1. I'd like the full set of residues that are within 13 Å of A74 (Cα to Cα) and loosely packed, with under 15 Cβ neighbours inside 10 Å, limited to the range 47-64.
2. Quick check on my filter: what residues within the range 149-193 are surrounded by fewer than 17 Cβ atoms within 10 Å (Cβ to Cβ), touching a helix residue (DSSP H, G or I) at 6+ places or on another chain (Cβ under 9 Å) and within 22 Å of P255 (Cβ to Cβ)?
3. In the range 32-65, what residues are of a type in the set (K, R) and either within 24 Å of the chain's Cα centre (by Cα) or under 15 Å from S80 (Cβ atoms) (or both)?
4. Out of the residues in the range 239-285 that are of a type in the set (A, V, I, L, M, F, W, C) and in a loop (DSSP other than H, G, I, E, B), state the one that is surrounded by the most Cβ atoms within 10 Å (Cβ to Cβ).
5. Within the range 224-261, track down each residue that is without any contact (Cβ under 8 Å) to a residue 40 or more places away in the chain, farther than 27 Å from G154 by Cα and not hydroxyl-bearing (S, T, Y).
Amino acid sequence: MQLNEKFVKKFYASESCHDYFPDIVRWITSAPVLLLEVGGKEAIALVKQQIIGKYPDGLRGQYAENHIKNVAHASDSVISATRELRLVKSFFERGNCMGQARFEGKMIFALTGMSECGKSTVGRYLDLKGIKRLKIVRLFEQVRDKLSPGEKLGDFIQQEEAKDPYTLWNAFVDELLSTIKFLGTDMASIESLYGGGLGPYLIQKLGDHFCIIYIDIPLELRLSRQMERENLNSIEEARTLLLPRDEVKTLSGIPKLKEIACEVIDNSSTFEDLYQNIDAIIKKYKK
């Protein structure tokens, strides 16, 4: 968001006696800022020293131009953190209210997991239950076609996430909402959610209207199912096909999504058990 001069002067009131104070105000109001509320054990010390201030690896060490244009601010004590959080509280509340209104009555499931875990099976079953099955690749293609038509999709996503991930992810959310409105539905699944920052961002953005479903299954069983599906002659053939794909997914951060998933489905049993688990999830989250 863009902070105005009045707010910045209030926020940095303790610096107002210094000659450089007008420079601070001009700098902070010169472009939009990202406001973050960070909590956890020793949060103040960790954010201030290790992330913001630690040289040469912190944000300031890498990107600061000088002591005014120092890229990032962080509270330096419990007292200042309490004061600053009180000042920005209305911004967070307003943002949450505005965001939640867009998703009122809607429910989005994001399917993820390792190769051959059963994401497509879950997506098809959800579709049979009236929860529209959307492909994340297709949604990003639609975003790409609007922002950079003709560019290779993988290159487009990589470049945009490196440059400004929030703009790309907001465009993805807009496309998602536009698509489900066009389909005349309030519930949909997106398949397959990749690792990295998108998943956590969607959790923060959509709140209770978003659920990551991680489909879990042991490697040996995935290899066995790969053999059956591809009509292979040995487990080793299945390993040759499956493990390189697993390596790519691991590097992209797919296993870490299990840690933040709202639901983890064990898909090592029968289709009947799988469908019962999905039915229970639908019932739990249906708006």
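Computed from the coordinates by the stated procedures, all read-outs in this text should not be read as laboratory data. Just so it is clear, the structure is predicted and the values come from calculations on it, not from any experiment. Because the Cβ atoms are built from the backbone with ideal geometry, glycine has one as well, and the counts that use them run over all protein chains shown.
1. Q49, Q50, K54
2. Result: E161, P165.
3. K41, K48
4. The qualifying residue surrounded by the most Cβ atoms within 10 Å (Cβ to Cβ) is A261.
5. Across the range 224-261, the qualifying residues are M227, E228, N231, L232, N233, I235, E236, E237.
Residues are listed down the side, and each one gets a yes or a no for (1) within 15 Å of F109 (Cβ to Cβ); (2) not in a loop (DSSP other than H, G, I, E, B):
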residue: W169; (1), (2): no, yes
residue: A188; (1), (2): yes, yes
residue: L193; (1), (2): yes, no
residue: L202; (1), (2): yes, yes
